[in-house]
Amino acid sequence: MNSAQTGEPRSVGAILNMLGLSGISLILTVAFTYQLALGELPCPLCLLQRAGFIAIGMGFLFNMRLGERPSHYAMILIASLVTGFIAMRQVSLHLAPGDPGYGSALWGLHFYTWALIAAVGIICYVALVFVLKDATGKGKGDARVTGFASNAVFAIFALLVAANLLSTVLECGAGQCDDNPVRYLLLK
Amino acid sequence: MYMFLPFLLALAGCASVWRARAGLSYVMWGATVVVTVAWFFHHATDPLKFSF
């Protein structure tokens, strides 16, 4: 049984997990928009940060579709730490005075800096989810979330993962990417 | 070294979730994270000259 079948209102956890996955999809969409609109190809560390965000999104997805479990939240936290660490490494590479940084900036900050902020923000978000779930104390913890909204959020996320896979294959082929890629390897 | 591998594993994880195969989904998530970390150590070769 799931929330759509029983007709019960969605739990706070279910809604917050859907919002979390939507947020991850938004992050991936912004990155893709800059890649396609401005022709800025992601560097290897940028791609690994995207993979980290996708791993975070999978944790939210597990909570939605396989039922809410503490281990799924642990997956979100582990993936957030990995993503934050990769982003911190790239921030450190461009920290020196006079370094223009890699790629364009959004509201004055480069994307790897935003990735670090987002990774820390997601850890805070999970803490908020725990507090709100505890405060409301309603809903079945392990109920799966289905229905149109859930399917739509799932489909958008899966589409973005597939698009990243295709883009990375086009950019890097079957090897490793250049440190400063300027063209798609398979679109010469 | 296949740069696309983390995305391929994640997509396989999504497909496993769609088919409600929890165990396989967890394996794919774990593989995605392990490969991401491994590729990170492969690429993070420049020394950082910081002192704390």
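Structure summary
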read-out: Single residue of region A:162-188 satisfying the filter (more than 7 Å from chain B (Cβ to nearest Cβ) and aliphatic (A, V, I, L, M)) that is least open to solvent (accessible area, probe 1.4 Å); value: A:ALA163
read-out: Identity of the residue in region A:43-70, under 19 Å from A:GLY175 (Cα atoms) and either β-branched (Val, Ile, Thr) or touching a Cys at 6+ places or on another chain (Cβ under 8 Å) (or both), that ends up modelled with the highest pLDDT; value: A:LEU47
read-out: Selected residue (criterion: surrounded by the fewest Cβ atoms within 10 Å (Cβ to Cβ)) from residues of region A:68-80 that are in contact (Cβ under 8 Å) with a residue 40 or more places away in the chain and in a helix (DSSP H, G or I); value: A:LEU77
read-out: Meets criteria (closer than 23 Å to B:HIS42 by Cβ, among the β-branched types (Val, Ile, Thr) and modelled with pLDDT of 90 or more) for A:VAL91; value: yes
read-out: Residue in region A:96-111 that is open to solvent by 40 Å² or more (accessible area, probe 1.4 Å), modelled with pLDDT of 85 or more, out of contact with any strand residue (DSSP E or B) (no Cβ under 9 Å at 6 or more places or on another chain) and of a type in the set (D, E, K, R) present; value: no
read-out: Which numbered condition A:LEU19 fails, given (1) open to solvent by 50 Å² or more (accessible area, probe 1.4 Å); (2) touching a residue at least 24 places away in the same chain (Cβ under 8 Å); (3) under 13 Å from the mean Cα position of the chain (by Cα); value: (2)
read-out: Any hit, region A:32-54, residues being small (Gly, Ala, Ser) and open to solvent by less than 10 Å² (accessible area, probe 1.4 Å); value: yes
read-out: Single residue of A:ILE156, A:ILE123 found to be within 18 Å of A:ALA14 (Cα to Cα) and open to solvent by 80 Å² or more (accessible area, probe 1.4 Å); value: A:ILE156
read-out: Every pair of residues 6+ apart whose Cβ atoms lie under 6 Å, when the first sits in region A:42-67 and is under 17 Å from A:PHE154 (Cα atoms) and polar (S, T, N, Q) while the second is open to solvent by less than 10 Å² (accessible area, probe 1.4 Å) and in a helix (DSSP H, G or I); value: A:ASN63/A:ASN17; A:ASN63/A:HIS72
read-out: Some residue of region A:80-93 being over 19 Å from the mean Cα position of the chain (by Cα) and farther than 18 Å from A:LEU16 by Cα; value: yes
read-out: Hits in region B:1-25 (condition: under 12 Å from the mean Cα position of the chain (by Cα) and among the hydroxyl-bearing types (Ser, Thr, Tyr)); value: B:TYR2
read-out: Flag for B:VAL34 being β-branched (Val, Ile, Thr), within 8 Å of the chain's Cα centre (by Cα), more than 8 Å from every other protein chain (Cβ to nearest Cβ) and open to solvent by 70 Å² or more (accessible area, probe 1.4 Å); value: yes
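Yes/no per residue for (1) more than 7 Å from chain A (Cβ to nearest Cβ); (2) aromatic (Phe, Trp, Tyr); (3) open to solvent by 40 Å² or more (accessible area, probe 1.4 Å):
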| site | (1), (2), (3) |
| --- | --- |
| B:MET3 | no, no, no |
| B:LEU11 | no, no, yes |
| B:ALA15 | yes, no, yes |
| B:TYR26 | yes, yes, yes |
| B:ALA44 | no, no, no |
| B:PHE52 | yes, yes, yes |
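The values are calculated or read from the model by the stated rules, or taken from the named source; none is laboratory data. Just so it is clear, the structure is predicted and the values come from calculations on it, not from any experiment. Methodologically, a virtual Cβ is constructed for each residue, glycine included, from the backbone with ideal geometry; neighbour enumeration extends over all protein chains shown. These area figures cover heavy atoms from the full protein model, side chains too; ligands, DNA and RNA do not enter into them. Shrake-Rupley method; radii C 1.70, N 1.55, O 1.52, S 1.80 Å.
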